[in-house]
1. Report the full-extension gain for the segment PHE193 to ALA168: residue separation times 0.36 nm, less the Cα-Cα distance, to one decimal in nm.
2. Would you list ARG55, ARG64, ARG38 from fewest to most Cβ contacts within 10 Å?
3. Need the full-extension length gain, LEU320 to PHE115, defined as separation in residues times 0.36 nm minus the C-alpha distance. One decimal, nm.
4. With Rg and the Kirkwood Rh both taken from Cα atoms, where does Rg over Rh land for segment 50-185?
5. Top mean-square fluctuation among VAL195, VAL113, VAL87, Gaussian network model of the chain, C-alpha springs under 10 Å?
6. Can you pull the Rg over Rh of segment 132-254, Cα-only, Kirkwood?
7. What is the spin-label model distance, in nm, from VAL335 to SER362 if the labels are put 7 Å beyond Cα along the C-beta direction?
8. Does the chain come out rounded, prolate or oblate by the C-alpha gyration tensor, with a ≥ b ≥ c the root eigenvalues, rounded set by a/c under 1.5 and, if not, prolate when a/b is larger than b/c and oblate if not?
Amino acid sequence: MHIQPTALPLSEVKSKRIHSIDLLRGTVMIIMALDHVRDYFHAGAFQFDPTDLSRTDLPLFFTRWMTHFCAPVFTFLAGASAFLNGVKKTKKELSFFLFTRGLWLVIAEVLIVTFGWTFNPQYPVLILQVIWALGISMMVLSAMIYLPRTLILIIGLTLIGAHNLLDAADTANPSSFLLSFLHHQHIFFGKPFSVMLGYPVIPWIGIMLTGYVFGQLYLPTFDTAKRRKSLRWLGLGAIVLFILIRLINAYGDPHHWSAQRSTLFTCLSFLNVTKYPPSLLYILMTLGPALLFLAFTEKPLNRLTEKLVVFGRVPMFFYLLHIYLIHALAVLAAVLSGYSWSDMILTGWVSMNSQLQGYGYSLAFVYVLWIIIVIGVFPLCKWFDNYKRLHRTKWWLSYI
């Protein structure tokens, strides 16, 4: 007998989602919010980069460093989710879904996310970051899924492992639009709008392709104990490879580590790898621990993890919600600090606004506000999660 989902209490609606994946995704989404609160509220964000070892301190460095995990983990899991989504679809159906969802993400980045960052209806700058990179990567994956999995994996690993060969070309051609699209972060100033190309796509495509093949570890037919063992070895292997390549200090990141004023800061230099674009070492450093996280979280949920997985089940909803909320609160904070509300109507990234020099709060304030925001948006995320589970037949929900 067929029972409509709405006939069941929410607590009894069974989900086929994989809790460990949702838990990891939810965890990195929450950590990501910390970085964005820091961008809009920390006084130091308007003065120097938090990974600048000549000016930073340990708490500030690690506040930024731990957010490095967010984008690569999210992209990798998006690839894995694409594979698992394809189990229920034909290749043609999956390809169409990935292409249209990728196209939607690019449009959303330009029209919805950019406006959230700037609150400027004139769109003087288009900010192309992680959602843009996810969209482009999905569109590429929509074509790649017709290839054998082994070939997809080879292409993905090659893009991850070899893309730093382009570092010299980046230095020689810093204003090349093609290189910026593929591999080099750059801001193109122009009329009627500028373009902030923050996430060059080559390594992100590699991460998503690799994540797609990784998704087969979560097929129902795959032995659980074997999967956990594979995750442990893959995670440890990535971490060891990161350490070995970083020690050699010759390849894998355009910025070599060096001896600093203390042993502690030398260690920070060792960890201070490049995000824009994500270097080979950056990817190993972030995905290695993420794989270990997956290996050790295949267990029943507790009171805390039940809440964390909610964020992992509605990542796009949370992403849009938290950006608009953080920026709205920043407008209020600017006014309370003696600035004009219009100072938070931006023409570029918030820390680039010269009118906000002198604005900002302590790092402790940033952490307190971050916790308040995460707790505050939880009921809305919970509501949307329940809505999605009770209306699974609505096609548009798979795009949010």
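Nothing in this text is a laboratory measurement; each read-out follows from the coordinates by a stated rule. Given the structure is predicted, the values throughout are model-derived calculations rather than measurements. All Cβ positions, glycine included, derive from the backbone under ideal geometry; neighbour counts span all protein chains shown.
1. Working: separation 25, 0.36 × 25 = 9.00 nm, distance 2.88 nm.
Result: 6.1 nm gained on full extension.
2. Values: ARG55 12, ARG64 20, ARG38 25.
Going from least to most buried by this count: ARG55, ARG64, ARG38.
3. Details: separation 205, 0.36 × 205 = 73.80 nm, distance 1.04 nm.
Residue separation times 0.36 nm, minus the Cα-Cα distance, leaves 72.8 nm.
4. Working: Rg = 17.7 Å, Rh = 17.4 Å.
With Rh from the inverse mean 1/r over Cα pairs, Rg/Rh is 1.02.
5. VAL87
6. Values: Rg = 17.4 Å, Rh = 16.6 Å.
Expressed as Rg/Rh, it is 1.05.
7. The modelled label-to-label distance comes out at 2.6 nm.
8. On the way: a/c = 1.44, a/b = 1.17, b/c = 1.23.
Taking the square roots of the gyration eigenvalues as a ≥ b ≥ c, the chain is rounded.
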